[in-house]
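Here is the structure we will look at.
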Amino acid sequence: MKRLIACALSLAMTGSAWAGPAGQTTSSGAATTKTKRTTKKSSSTADLSQQLQQMKQAIDAQQQQIQQLRQEMQAKDASYQQAQQQAQQQLQQAQSAASEAQSKASSFESTANEQKASVDRLSTDVTDLKSNMTNAALSAQDEQKRVSAVEGLLGRFRFNGDVRVRGESFFQNYSACKNCLDRNRARIRVRFGFDGKLNEDFIAGVAVATGSLGDPTTTNETLTNFFDRKTFQLDRGYITYNPVGHKWLSLTGGKFPYTWQRTSVTFDPDLNPEGFSEKLSWDLKTSVLKNLSVQGMQLLWSENNSASFLRAADSFAVGGQISGKIEIGRFSSTPSIGVLNWRNTDAIFNASGFAVQATATPVPATGSTTTQVTGLPGEGPGCQNAESTVVDCTFAPNGFTNASFVGPDGKPHFASKFLYGDLILNNTVKTPIAKLPFNLILEAENNLRAAGHPLDAKGKIRTDLGRQSHAYLIDASIGQTKNKNDFQLGYAWVRQEQDSVISSFNESDQRAPTNILQHRVYALWKLRANTVAGYTLWVGHTLNPNLQHAALAPGWTTALGSTEPNLKRMQFDLIYSF
């Protein structure tokens, strides 16, 4: 900058000296020359001043530019230093990261080596695991096949059964009776069974139940006898052939549930017959008749392997039934008519005590024509005293009420033969309330081979009376027990003459097996899907107390009246089914 100013001053001085070339002039010319020089000098000075001013301005501008450049250089230096510091820091960080990365790389390499060894071991383990899983899968498949086979086997079976707890009371009294004591007891019934397909054409069933071995007409066990265990035995066991290609055909053999329509007039509900049954059933598409069935049955109930025993023949019953199903609007009916012929019934008097292999030998009583049985009877309610002039022990778990006599052979015999002719009408009328259908069962049964006249209490023929061969039933109810809270109310009336049926096998809860007039009132309420509460009142008396083997109240005789006192029997039930 100083150099620039010095150059400018030097130029100014050189110009002033250069104005006069020779130094010698005239006065006027000198004055003019002087004036011109002064003017020129003033002009030069002004120009020089202006130039100096411009140069100063240029110098100031240059100084400003230089200052800006210096500031920019300083800023760039500061930025550079900052960048250098950041680069140094980044370099240090990079070096640290590189060191750390190298350390990690070394560690990773070590870990990788360890993992490689682990992977190798794992690969070996995986290979073993695959092998084990393959073996397990094969075993699981075999197990699944076995489980599926078991499920398929169990799926073919249907389980059923029930537990019933009952409170029961008996009341029978008349004036001046000293032995007419009320009786109260508790009873239990347990049944369990199943049935299932052996294949597409065969069905088998098995069931066990409580009850006395010597009484086929009940599955009840009384809660008594010092807490002893209750008997539990086979109640059913049968096979049914019902081919898929011929659904109309059903053949059953064994100890089976009833395959024909019947009521307790002829057979107790707890009794399961033994032998064979054949049924042909066709579903029809007519407007009224919906089904037609033809039934045959052969019931085997006593084997005789002794030529000296009665007629040396087995005891059995053979019969058949024709039934149909009729529907007309809200009314439906299942009518049936059947016959059942009993052969060699006298075996009932002469078998060992209740046919359970007990030793029992009929022998004449000393000094009389009566027959007594010695030895121990089998399990059951014990020997029933049929009548003092006949026999002391006979198969009659419900009491013996048929007419009988001792023949010339010295052995007891039924007074009647037995050939049941049975007509049943089972009717249902649907009401506007679906859960309250009206049900009506009508039955008329006749023993076509009953004796022409009954016997009196001393075994004498009553010629003033005709056949005691008829039984009639009317059972009317409303309601049903299908769903929860369903209920049913009903009343049944039975008039059953002495020799209408064999007294050993029919209803066990009524006043007596035969020779009775019986009323029954019942109510059922389905508390839950599988639980039913029930009440039954039995009120009945002996139809003709003057006949042989008539059931009479303790100490009561016909001298006290013509109508035997009613026996009242109340039953309170709670039944759980599964």
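Structure notes:
- The residues on offer are A553, A476, and the sole one that is of a type outside the set (S, T, N, Q), touching a Phe, Trp or Tyr at 6+ places or on another chain (Cβ under 7 Å) and modelled with pLDDT of 95 or more is A476.
- Pick from the stretch 158-181, criterion in contact with a Gly (Cβ under 7 Å, 6 or more places away or on another chain) and surrounded by 15 or more Cβ atoms within 10 Å (Cβ to Cβ), ranking: farthest from T557 (Cα to Cα): G161
- Members of the stretch 404-430 that are of a type outside the set (A, V, I, L, M, F, W, C) and free of Cβ contacts under 8 Å to residues at least 40 places away in the same chain: G407, P408, D409
- When the residues of the stretch 411-468 are filtered to those that are of a type in the set (V, I, T) and loosely packed, with under 14 Cβ neighbours inside 10 Å, the one that is nearest to the chain's Cα centre (by Cα) is I433.
- Subset of the stretch 450-471 (residues that are of a type outside the set (A, V, I, L, M) and either without any contact (Cβ under 8 Å) to a residue 40 or more places away in the chain or in a strand (DSSP E or B) (or both)): G452, H453, D456, K460, T463, D464, G466, R467, H470
- P545 being touching a residue at least 60 places away in the same chain (Cβ under 8 Å) and buried (at least 19 other Cβ atoms within 10 Å of the Cβ): no
- Single condition K290 does not satisfy, out of (1) at pLDDT 95 or above; (2) closer than 30 Å to N220 by Cα; (3) not polar (S, T, N, Q): (2)
- Test for D142: is it surrounded by 13 or more Cβ atoms within 10 Å (Cβ to Cβ) and not in a loop (DSSP other than H, G, I, E, B): no
- Candidates S500, S562: the one that is among the hydroxyl-bearing types (S, T, Y), more than 41 Å from the chain's Cα centre (by Cα), surrounded by 20 or more Cβ atoms within 10 Å (Cβ to Cβ) and outside any strand (DSSP E or B) is S500.
- Pairs with Cβ under 9 Å, 6+ apart, first in the stretch 550-573 and over 18 Å from N515 (Cα atoms), second part of a loop (DSSP other than H, G, I, E, B) and aliphatic (A, V, I, L, M): G555/A176; L560/A176
- Candidates T263, T259 - the one that is closer than 24 Å to V206 by Cα, of a type in the set (V, I, T) and touching a residue at least 60 places away in the same chain (Cβ under 8 Å): T263
- Identity of the residue in the stretch 216-253, touching a Pro at 6+ places or on another chain (Cβ under 7 Å) and not in a loop (DSSP other than H, G, I, E, B), that ends up surrounded by the most Cβ atoms within 10 Å (Cβ to Cβ): R236
- Meets criteria (within 28 Å of L537 (Cα to Cα) and either of a type in the set (V, I, T) or loosely packed, with under 14 Cβ neighbours inside 10 Å (or both)) for V147: no
- Candidates L213, L198 - the one that is within 22 Å of D268 (Cα to Cα) and either surrounded by fewer than 16 Cβ atoms within 10 Å (Cβ to Cβ) or not aliphatic (A, V, I, L, M) (or both): L213
- Only one of A512, A492, A476 that is buried (at least 20 other Cβ atoms within 10 Å of the Cβ) and under 28 Å from N530 (Cα atoms): A492
- Taken over the stretch 270-307, the criterion of being surrounded by fewer than 17 Cβ atoms within 10 Å (Cβ to Cβ), in a loop (DSSP other than H, G, I, E, B) and under 34 Å from the mean Cα position of the chain (by Cα) is satisfied by L284 alone.
The values are calculated or read from the model by the stated rules, or taken from the named source; none is laboratory data. Since this is a predicted model, take the numbers as computed values, not measurements. Ideal geometry is used to build each Cβ from the backbone, glycine not excepted, and the neighbour counts take in all protein chains shown.
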